[in-house]
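Taking it in order: structure first as structure tokens, then the write-up.
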């Protein structure tokens, strides 16, 4: 999974993500003054110079208005394809999980489901087909907080990352994890698993009576003006328009272009395609409390026992201001959105990658963010 501010590529849209949201210290943004910002283009140029980075785009926003942009590297490997437009669409990876969680919690707010509802009651087919062990004990809350104990279906032993064409229904993906060892008792401890969110996507569709893509559009994309965001659900659906291409070496040693990542593998766990403008709109609305009441928002943001946290000494900008850093990625890309705890200062970065050190690339992303968001520190 991805620790906040430390990207580790290990599974679909590798992770979720957050620093706890503390009250923001007095800063230029908090006081109503425009903060001093670094040069986004120079930050992206430095990031693109990191070994293993093919291309990097970033846009910085203050109070929802773009205050800078940058693009460096190239659309394709070895300098081919020209630069990536900074407003290009890209996969946001496991940042999708927060969108899924918000929709689920909106259904809770509306009284259509309850946090303590059992998986087997909401999705009887899961129990009937024995797709998930102990489905009668697992709650919606546990799925949201990764404490269900359900193993992860996104595993190189279970799915073929380089299968770009076969459609796998979400329940079939869930079944792939059925015979894997459980990660704990229901509600016992945190263990990151895409299966939790694949199931939540199915719950949304069952309760809402619409596709997940339609619910995202109705509840989030349209109200927030995320006009260029969408959820591909079946191959060969992919990224529309000019975009960066990421690469990964397959088991035979061949470098593969991963921009055609199988849409089946994303869905509620990591499938949304967005832009810097759109995804910052979502995270700004979230941290400013415009999507959920506080008690339900805390279901997402409150730290879970066993969930990795970032040491204060390693926090972005030294923790002043405090930032949330949702991130996601898998073979070929990393997408990160930095949002101050008051929602006023944001930077969205999409990095396409090839062969390189995920940790080094993570560190380079964080360094680029610091040079933009807190250039004097």
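Coordinate-derived values only; no laboratory data. All of these numbers come straight from a predicted model, not from anything done at the bench. Neighbour counts are summed over all protein chains in view; Cβ atoms, including those assigned to glycine, are modelled from backbone coordinates with ideal geometry.
Structural descriptor for the range 31-100: relative contact order 25 percent, calculated from alpha carbon pairs under 8 angstrom and at least 6 residues apart. Among 226, 176, 44, the ranking by other beta carbons within 10 Å of each residue's beta carbon, starting with the fewest, stands as 176, 226, 44. For helix 95-109, what angle does its Cα long axis make with the longest principal axis of the chain, in degrees from 0 to 90 and rounded to 10? That helix lies at roughly 50 degrees to the long axis. Taking the C-alpha atoms only, the angle from helix 276-287 to the longest principal axis of the chain is near 60 degrees.
Computed on the chain, with alpha-carbon pairs under 8 angstrom and 6+ residues apart, the relative contact order is 31 percent. Run the paramagnetic zone check for residue 109: 7 angstrom along Cα to Cβ, then residues of the range 133-177 with backbone nitrogen under 18 Å. Once the point is set 7 Å along Cα→Cβ of residue 109, 141, 144 turn out to lie under 18 Å by backbone N, inside the range 133-177. The ranking of 182, 298 from fewest to most other beta carbons within 10 Å of each one's beta carbon is 298, 182. What is the range 114-267's relative contact order, in percent, from Cα pairs under 8 angstrom and six or more apart in sequence? Computed value for the range 114-267: 24 percent relative contact order. As a proxy for reagent exposure, ranking 122, 345 by other Cβ atoms within 10 Å from fewest up yields 122, 345. As I understand it, the value is the acute angle between the Cα axis of helix 194-208 and the longest principal axis of the Cα atoms of the chain; what does it come to in degrees, rounded to 10? For 194-208 against the chain, the angle is about 70 degrees.
From helices alone, the chain scores -8000 deg cm²/dmol at 222 nm; the rule is -39500 (n - 2.57) for each run of n ≥ 4 DSSP H residues, then divide by the residue total. Rg and Dmax of the range 40-373, based on Cα coordinates, read 19.2, 56 Å. Under Stokes-Einstein, with the Kirkwood radius over Cα pairs as Rh, the value for the range 216-373 at 4 °C and 1.567 mPa s is 75 µm²/s.
The range 186-208 and the range 85-136 have Cα centres spaced 5 Å apart. In this simple spin-label model, placing a label point 7 Å from the Cα along the Cα-to-Cβ direction at both residue 134 and residue 162 gives a separation of 3.7 nm.
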